[in-house]
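Q: Dropping the structure in here first, questions after.
The values are calculated or read from the model by the stated rules, or taken from the named source; none is laboratory data. Predicted model only: the values in this text are computed from it and were never measured. All Cβ positions, even for glycine, are placed from backbone atoms using ideal geometry, and neighbour counts span all protein chains on display.
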Amino acid sequence: MAFKAIFFDAAGTLITTSRPVGESYALLARRYGIKVDPAELTHRFRTCFAAAPPLAFPGVAAKKLNQLERQWWKDLVQTIFEPFGSFTRFGDYFTELFEYFSRAEAWSLYPEVQDTLSSLRERGLSVTVISNFDSRLFGILDGLGISTWLDSVVISSQVGYAKPAREIFLRALDLHRLKAEQAMHIGDSPDKDAGGACAAGLTGVLLDRNGKGASQSFFRVQNLKEILGLIESH
């Protein structure tokens, strides 16, 4: 069966931070009297983010969602800074940090994104983003100029399930009245993206930009443009 839709992860796949996360955290922290090595903060971010509960709030009213998203991130950032001692103005720091990462200038597109999305739309394919992210993603994607190529954006905080849960993939399928075999999902996480998509019945593709990932049973590309060949071969 031919593909009708291509689903993409967001951070690490379509977009990346304009500078390393730890560098942004450290630069802003210095303004509040906290000096921490940026590389150490990057390591802390990756470790704490991986250990955090899913960024998903099932059954929550829409009016409470922004508050819960913000608190999730505040808890995470507090955990990141725990080893570095007292942070007396943490609330002010977090407010500025949270707002910074809501702006498009804090992010950038990978070089091949625009051409890839344009080529997919020219082929008549539906394009959707499925991301373990919060409501700020809508403004970020719009600010980076790619919203016009997207049919929908599905985020874990709204759906109530985070990848690799099959429910978030099924929500995207339901939005476009598609069967699982009609969609391909591409992302940079073997477990959350490629593995999660395969478990939900979609074709999962791992984006392995440096080509150093462990061998897996699913498809693998090093550049998003390579998925055009995968589509044509199916």
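Q: Does Ile6 count as farther than 20 Å from Ile168 by Cα, among the aliphatic types (A, V, I, L, M) and surrounded by 15 or more Cβ atoms within 10 Å (Cβ to Cβ)?
A: no
Q: Can you work out which of the residues in the range 166-199 that are surrounded by fewer than 20 Cβ atoms within 10 Å (Cβ to Cβ) and aliphatic (A, V, I, L, M) is nearest to Val221 (Cα to Cα)?
A: Ala199
Q: Hey, Ala50 hits all of (1) of a type in the set (A, V, I, L, M); (2) surrounded by 13 or more Cβ atoms within 10 Å (Cβ to Cβ); (3) closer than 21 Å to His185 by Cβ but one; which does it fall short on?
A: (2)
Q: Could you list all residues from the range 200-212 that are more than 17 Å from Ala10 (Cβ to Cβ) and surrounded by fewer than 17 Cβ atoms within 10 Å (Cβ to Cβ)?
A: Gly201, Asn210, Gly211, Lys212
Q: Oh, and also: Based on what the data block shows, is Asp151 surrounded by fewer than 17 Cβ atoms within 10 Å (Cβ to Cβ) and acidic (Asp, Glu)?
A: yes
Q: Search the range 127-145 for residues being over 20 Å from Phe3 (Cβ atoms) and among the aliphatic types (A, V, I, L, M), and hand back the single one that is farthest from the chain's Cα centre (by Cα).
A: Selected residue: Leu144.
Q: Go through (1) surrounded by fewer than 15 Cβ atoms within 10 Å (Cβ to Cβ); (2) assigned to a loop (DSSP other than H, G, I, E, B) and name the single condition Ser118 misses.
A: (2)
Q: Considering only the range 207-220, state which residues are at pLDDT below 95 and touching a strand residue (DSSP E or B) at 6+ places or on another chain (Cβ under 8 Å).
A: Correct list: Asp208, Gly213, Gln216, Phe218, Phe219, Arg220.
Here is a yes/no grid of residues against (1) touching a Phe, Trp or Tyr at 6+ places or on another chain (Cβ under 7 Å); (2) closer than 27 Å to Gly59 by Cα; (3) hydroxyl-bearing (Ser, Thr, Tyr); (4) not assigned by TED's automatic domain parsing to the domain that holds Ala10:
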{"residue": "Leu173", "(1), (2), (3), (4)": "no, yes, no, no"}
{"residue": "Met184", "(1), (2), (3), (4)": "yes, no, no, no"}
{"residue": "Lys192", "(1), (2), (3), (4)": "no, yes, no, no"}
{"residue": "Gly201", "(1), (2), (3), (4)": "no, yes, no, no"}
{"residue": "Leu207", "(1), (2), (3), (4)": "no, no, no, no"}
{"residue": "Glu226", "(1), (2), (3), (4)": "no, no, no, no"}
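Q: Mind listing whichever residues of the range 10-31 are over 19 Å from Phe45 (Cα atoms) and either crowded, with 20+ Cβ neighbours inside 10 Å or not assigned by TED's automatic domain parsing to the domain that holds Phe87 (or both)?
A: Passing the criteria: only Leu14.
Q: Would you check which residues across the range 136-148 are in contact with a helix residue (DSSP H, G or I) (Cβ under 7 Å, 6 or more places away or on another chain) and surrounded by 17 or more Cβ atoms within 10 Å (Cβ to Cβ) and list them?
A: Ile140, Leu141, Leu144, Ile146 - these are the residues of the range 136-148 that are in contact with a helix residue (DSSP H, G or I) (Cβ under 7 Å, 6 or more places away or on another chain) and surrounded by 17 or more Cβ atoms within 10 Å (Cβ to Cβ).
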